[in-house]
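Heads up: the structure comes next, in structure tokens.
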Amino acid sequence: STARKPLFAGNWKMNLNHLEAIALVQKLAFTLTDKDFDRAEVAVLPPFTDLRSVQTLVDGDKLRIVYGAQDLSVHDAGAYTGEVSGSMLAKLGCTYVLAGHSERRQYHGEDDQLVNAKVQAAYRHSLTPILCVGEGLPVRQAGGHVAYTVSQLDAALNGVKHDQAKSIVIAYEPVWAIGTGEVATPDDAQEVCGAVRARLAELYDEEVAGGVRILYGGSVKGANIAGIMAQPDIDGALVGGASLDPADFVKISRFGE
Ligand code: PEP
């Protein structure tokens with residue numbers, strides 16, 4: 001896992017306007033050091049309306065923080081009222097875009113086929129997808145979590161080529177752990193993240209499997225990240241609630257130290 005640079009990505013969800021966004025990014029930039037950025041990549045995923053302000057700040061101050069969006073359209077342009085295209089996000093300097101976050105799947109009816117189209121749309125515009133997968137509570141209780149998560153992975157990667165797959169980021173986010181305060185145990189998270197990596201080797205090869213970063217997400221905090229990062233197949237975290245607290249997000253980015 002030494003070849004994979006850990007990634008800590010803050011999913012702000014529908015929080016913080018563009019002024020609040022600038023304040024939070026400035027606090028992160030003030031605290032994080034070059035040593036921190038050498039050790040891990042730190043990303044924020046603000047609402048669309050914040051992205052231009054974040055871009056201006058990051059470019060103007062030459063910050064090492066990277067950023068991205070929480071969703072994108074499957075279309076590249078046209079009569080799709082309310083949607084935001086991958087090319088618009090690329091123009092705003094986005095590195096990453098979430099695809100298939102469980103809240104999109106739950107509240108916006110995104111199915112595996114649509115998530116696959118979003119992954120493909122991201123690649124068309126040179127954005128790196130952070131593909132979110134993970135089971136809900138009934139599936140976990142029935143012991144189907146590995147099969148369910150791997151099948152979401154298979155579907156989302158349909159038609160994704162080897163060279164594209166090399167750069168993808170996978171976030172394993174058990175739905176029962178998102179925003180609930182109930183974090184998966186490091187062993188439970190490792191079980192699924194390990195299975196995801198093994199599946200990448202089957203779908204592609206060892207180069208892809210060994211290079212892809214697999215994140216854990218679900219109630220990550222500064223106080224619980226160390227045990228998660230000690231797992232061999234976990235390369236960082238997708239952080240919701242705690243990413244709005246600059247001190248805690250910095251602590252997470254420092255592996256809890
Ligand atoms: C998320 O929404 O991606 C997430 C992991 O949220 P939280 O950290 O709040 O559980």
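Nothing in this text is a laboratory measurement; each read-out follows from the coordinates by a stated rule. Everything numeric here is computed off the predicted structure, so don't read it as measured data. No Cβ is skipped: glycine too gets one built from the backbone with ideal geometry, and neighbour counts run over all protein chains shown.
Quick notes on this one:
- Taking 202, 110 and counting other C-beta atoms within 10 Å, the order from fewest to most: 202, 110
- Taking amide hydrogens as placed 1.01 Å from N in the peptide plane, the amide H of residue 97 sits under 5 Å from those of 69, 128, 130, each at least 5 positions away in sequence or on another chain.
- The listed peptides 122-131, 222-231, 11-20, ordered by packing as a protection proxy, come out as 122-131, 222-231, 11-20 (highest mean of other Cβ atoms within 10 Å first).
- Shape category assigned to segment 75-209 from the gyration tensor of Cα positions, a/c cut at 1.5: oblate
- Segment 141-257 shape via C-alpha gyration tensor axes, a/c threshold 1.5: prolate
- Long-range HN-HN contacts of residue 44 with modeled amide H, under 5 Å: 10, 66, 67, 68
- Counting charges near residue 219 (Lys, Arg +1; Asp, Glu -1) among other residues having Cβ under 15 Å from its Cβ returns a value of -2.
- Cα gyration tensor category, rounded, prolate or oblate, for the chain with a/c compared to 1.5: rounded
- Span from the segment 168-223 Cα centroid across to the segment 1-78 one, whole angstrom: 21
- For residue 215, nonlocal amide neighbours, meaning residues 5 or more places apart or on other chains whose placed amide H falls under 5 Å from its own, are 170, 171, 172, 235.
- Computed packing ranks the peptides 47-57, 162-172 as 162-172, 47-57, most packed first, by mean other Cβ atoms within 10 Å.
- Only Lys, Arg (+1) and Asp, Glu (-1) charged, at Cβ; segment 7-253 dipole about Cα centre in debye: 480
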